[in-house]
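Have a look at the structure below before the remarks.
The values are calculated or read from the model by the stated rules, or taken from the named source; none is laboratory data. This structure is a prediction, so every number in the text was calculated from the model and none was measured. Ideal geometry is used to build each Cβ from the backbone, glycine not excepted, and the neighbour counts take in all protein chains shown.
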Ligand code: AMP
Ligand code: ZN
Ligand code: FE
Ligand code: FE
């Protein structure tokens, strides 16, 4: 039987709802053979996930980096998955810390906008809800749910709330610099959900070609935010550019409905990621 490989998941180290130990246990229970932990802009979940790794499960240590394409006006946010990079690479560590600080500032500003409109959400409570993990809009969404203003996270990301009316940009990492820093740290960069039109504007294929020339390794094709046509397009683009393709759940616990292993990556693509990496070794449990 082919191994089941899910290369994009979130824990409480960012905006997931399972702790890193709970995440790796759930991955084993879901029948996965390989799971990547890819929290937003942090490696804080790596060690606790590693310590709790169940028998037979391989752990790929990674992160999802908040990036920005600055050559368009207004600039476009996008996400890069970074696999098996050195978590102590100084330049990358500094950029991740800077983005996490920018997320705190943005979160506090969003809360100030909400409060100015008479909406009773509390920044200290939202911070407590994030439990020391990277703060994101899903944590603010939880506050809106607690206040009875919306029922679901999806509703909280609608245009009246965090999707538009109360959406603020954050200071992300320039995407070309991110590719360079990930590679310099021995990591392997993969563009997360590159055609997710439901999340807003998407980048043109020309940028993906430029990123491929700059060192991008792959594209995430199978993702719940891509339609079948979008998945096929991403596969075609990857074939044209010589990039690998991945598929993954982007699991967030109860902050989203998608389950671990809902989308998976072919063994050849996974092996290519491991082969191209030199930052940290891919870990199998004992
Ligand atoms: P942020 O990183 O703070 O900008 O928040 C973006 C995160 O919110 C994404 O990584 C997803 O986890 C989540 N998200 C974005 N759009 C939605 C949505 N429509 N429904 C639920 N979660 C979403
Ligand atoms: Zn997220
Ligand atoms: Fe993402
Ligand atoms: Fe994600």
message: Could you check segment 46-70 and list, in sequence order, the residues that are under 18 Å from residue 284 (Cβ atoms), touching a helix residue (DSSP H, G or I) at 6+ places or on another chain (Cβ under 6 Å), in contact (Cβ under 8 Å) with a residue 60 or more places away in the chain and within 16 Å of ligand 4 (Cβ to nearest atom)?
response: 61
query: Any idea which of (1) surrounded by fewer than 17 Cβ atoms within 10 Å (Cβ to Cβ); (2) within 20 Å of residue 24 (Cα to Cα); (3) within 16 Å of ligand 2 (Cβ to nearest atom) is the one residue 262 doesn't satisfy?
result: (1)
query: Does residue 219 satisfy being surrounded by 15 or more Cβ atoms within 10 Å (Cβ to Cβ), within 16 Å of ligand 3 (Cβ to nearest atom), closer than 17 Å to residue 179 by Cα and in contact (Cβ under 8 Å) with a residue 12 or more places away in the chain?
result: yes
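May I ask you to verify whether residue 24 is in a strand (DSSP E or B), in contact with a strand residue (DSSP E or B) (Cβ under 7 Å, 6 or more places away or on another chain) and closer than 20 Å to residue 265 by Cβ?
no
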query: Regarding residue 17, is this residue surrounded by fewer than 21 Cβ atoms within 10 Å (Cβ to Cβ), closer than 21 Å to residue 256 by Cα and either within 16 Å of ligand 3 (Cβ to nearest atom) or in contact (Cβ under 8 Å) with a residue 40 or more places away in the chain (or both)?
result: yes
- line: Residues of segment 227-259 being surrounded by fewer than 18 Cβ atoms within 10 Å (Cβ to Cβ) and on the phi > 0 side of the Ramachandran plot, in sequence order, are 242
statement: Checked segment 20-42 for anything buried (at least 24 other Cβ atoms within 10 Å of the Cβ), away from ligand 4 (no atom under 13 Å from the Cβ) and farther than 17 Å from residue 257 by Cα; matches are 20, 24, 35
field: The listed residue being at pLDDT 95 or above, crowded, with 21+ Cβ neighbours inside 10 Å and within 16 Å of ligand 4 (Cβ to nearest atom), out of 190, 179
entry: 190
message: Tell me the residue from 73, 155, 164 that is without any contact (Cβ under 8 Å) to a residue 40 or more places away in the chain and in a helix (DSSP H, G or I), please.
response: 155
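This table checks each residue for (1) loosely packed, with under 13 Cβ neighbours inside 10 Å; (2) at pLDDT 95 or above; (3) in a helix (DSSP H, G or I).
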position	(1), (2), (3)
96	no, yes, yes
100	no, yes, yes
108	no, yes, yes
114	no, yes, yes
118	yes, yes, no
127	no, yes, yes
139	no, yes, yes
143	no, yes, yes
149	no, yes, no
query: Only one residue in 186, 200 is on the phi > 0 side of the Ramachandran plot and out of contact with any strand residue (DSSP E or B) (no Cβ under 9 Å at 6 or more places or on another chain). Which one?
result: 186
